[in-house]
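The values are calculated or read from the model by the stated rules, or taken from the named source; none is laboratory data. Values in this document were obtained by computation on a predicted structure and should not be read as measured data. Virtual Cβ from ideal backbone geometry, glycine too; neighbours counted across all protein chains shown. For accessibility, only protein heavy atoms count, side chains too; no ligands or nucleic acids. Shrake-Rupley method; radii C 1.70, N 1.55, O 1.52, S 1.80 Å.
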Amino acid sequence: MQRTESPLIVIAICLAALAGFVDALAFTSLGGFFTAFMSGNTTRLGVGLGGDLPGDAATAAALVMSFVSGVIVASVVTRWRQTRFRESVMVVVTALLVAAATLASLEPGPIVLIFLAMAMGCENGILNREGEVTVGVTYMTGSLVKMGQKMAGALMGDPDRWGWTLYLFLWLGFLAGVVMGAASHVRWGWTALWLAPIASAVLTFALVRIRPKLAGPWAVR
């Protein structure tokens with residue numbers, strides 16, 4: 001992430017905030033399941049299987065599979081579009097969020113989470129190099145590990161003394177999104193989900209605008 005262009009670092013933080021926002025809405029609306037945090041859903045799957053809760057296990061398994069499906073879609077789009085893969089993937093993310101918000105407006109329920117999990121899986125394809133994800137924007141455990149490692153390096157005299165702040169900002173972005181999602185749910189319920197595709201569309205436009213400033217289609221390292 002230290003070698004990522006500054007505009008993409010800002011985009012990454014915004015994507016993390018979007019993921020936190022969506023995750024908070026899902027968690028508060030439908031029984032503590034997640035759309036971005038697959039470790040949590042895996043725990044719910046295991047507890048459901050071990051605790052004889054087949055409904056919970058089925059929901060958790062569906063969300064994990066949907067998330068992976070979103071990652072697959074992003075990878076296919078990336079190979080297909082190449083030089084314009086970021087904005088193309090964001091178009092897919094936006095479409096999935098629109099579908100989720102529309103469904104939530106008509107008939108809220110667990111099926112909404114399927115579209116949201118796909119969108120969050122797809123979102124992870126925005127920042128990659130040569131087909132490999134370089135910055136995970138929907139899960140923060142890896143960022144916190146990196147932050148701790150960079151902090152340890154700074155304490156031991158490494159020249160990159162402030163590299164850990166990038167991961168801190170990514171985590172803070174996710175946290176801010178969660179706070180906004182929880183607050184929006186209290187005020188507007190599922191209607192607040194429409195803010196997600198709006199934000200996604202804005203980020204898509206931002207990626208279109210900054211693309212000429214980037215070094216190339218695989219510039220993120």
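What FRET efficiency comes out for the pair Met156/Leu106, r = Cβ-Cβ distance, R0 = 41 Å, nearest 0.05?
Values: r = 56 Å, r/R0 = 1.37.
It comes to 0.15.
Roll a 1.4 Å probe over the protein heavy atoms and report the accessible area of Val178 in Å², nearest 10.
Answer for Val178: close to 50 Å² accessible.
With every protein chain present, what accessible area does Cys14 have (1.4 Å probe, heavy atoms only), rounded to the nearest 10 Å²?
Approximately 60 Å² for this residue.
For the stretch 132-216, state what percent of all Cα-Cα pairs lands in each successive 5 Å bin, counting from 0 Å until the bin that includes the largest distance.
3, 12, 13, 16, 18, 16, 11, 7, 3, 1
Per residue of the chain, what 222 nm ellipticity follows from adding -39500 (n - 2.57) for every DSSP H run with n ≥ 4, rounded to the nearest 500?
Numbers: 8 runs with 157 residues, N = 221.
Counting only the DSSP helices, I get -24500 deg cm²/dmol.
Rank Trp162, Trp188, Trp80, Trp194 by accessible area, highest first, at a 1.4 Å probe radius?
Values: Trp162 165, Trp188 130, Trp80 190, Trp194 90 Å².
In descending accessible area the options line up as Trp80, Trp162, Trp188, Trp194.
Along the charge dipole of the stretch 80-170, pointing to its positive end and built from +1/-1 on Cβ of Lys, Arg, Asp and Glu, which listed residue (Met118, Gly153, Leu97) has its Cα farthest out?
Positive-most Cα among the choices belongs to Gly153.
Hey, can you find the accessible area per residue of the stretch 121-192 for me, probe 1.4 Å, expressed in square angstrom? Each step should come with its number before you reach the end.
On the way: 4020 Å² over 72 residues.
Heavy-atom accessible area per residue stands at 56 Å².
Calculate, axis by axis, the spread of Cα positions in the stretch 64-159 along the three principal axes, and write the results as whole Å, longest axis first.
Principal extents (largest minus smallest coordinate, Cα): 56, 32, 19 Å.
Only four residue types carry charge here, +1 at the Cβ of Lys and Arg and -1 at the Cβ of Asp and Glu. Report the dipole size of the chain about the Cα centre in Debye, rounded to the nearest 20. Provide the component values of the computation, followed by the final result.
Numbers: 15 positive and 11 negative charges, 152 e Å.
That gives the chain a dipole magnitude of about 740 debye.
In terms of the ratio Rg/(2.2 N^0.38 Å) built on C-alpha atoms, what value belongs to the chain? Intermediate values should be presented prior to the final figure.
Numbers: Rg = 17.4 Å, N = 221, 2.2 N^0.38 = 17.1 Å.
This ratio for the chain stands at 1.02.
Give the Rg (one decimal place) followed by the Dmax (whole number) of the stretch 1-110, computed from C-alpha coordinates and expressed in Å.
16.0, 49
Under DSSP H, which helices of the chain have Cα atoms covering 30 Å or more of the helix axis and a Kyte-Doolittle average no less than 1.6? Don't jump to the answer; show the numbers that get you there.
Values: long enough: 6-29 (35 Å, 2.01); 54-81 (40 Å, 1.05); 85-106 (32 Å, 1.77); 164-188 (36 Å, 1.20).
What comes out of the filter, once short or polar helices are dropped, is 6-29, 85-106.
Report, to the nearest whole %, how much of the accessible area of the chain belongs to carbon and sulfur atoms, 1.4 Å probe, protein only. If you can, show how the numbers build up before the last one.
On the way: 7320 of 10800 Å².
Carbon plus sulfur share of accessible area: 68 percent.
At what distance in nm do the modelled label points of Leu49 and Gln149 sit from each other, each positioned 7 Å from its Cα along Cα→Cβ?
2.9
Using Cα springs under 10 Å in a Gaussian network model of the chain, which residue among Leu18, Leu49, Leu113 shows the largest mean-square fluctuation?
Evaluated over the chain, the most mobile residue of the options is Leu49.
Tell me the relative contact order for the chain as a rounded percent, counting alpha carbon contacts under 8 Å between residues six or more apart. Walk me through the intermediate numbers first.
On the way: 368 pairs, mean separation 74.0, N = 221.
It rounds to 34 percent for the chain.
Between the DSSP loop rule and a limit of at most 11 other Cβ atoms within 10 Å, which GluC sites (Glu not before Pro) in the stretch 89-190 are left?
Details: sites: Glu123, Glu130, Glu132; in loops: Glu130.
Sites meeting the loop and neighbour criteria: Glu130.
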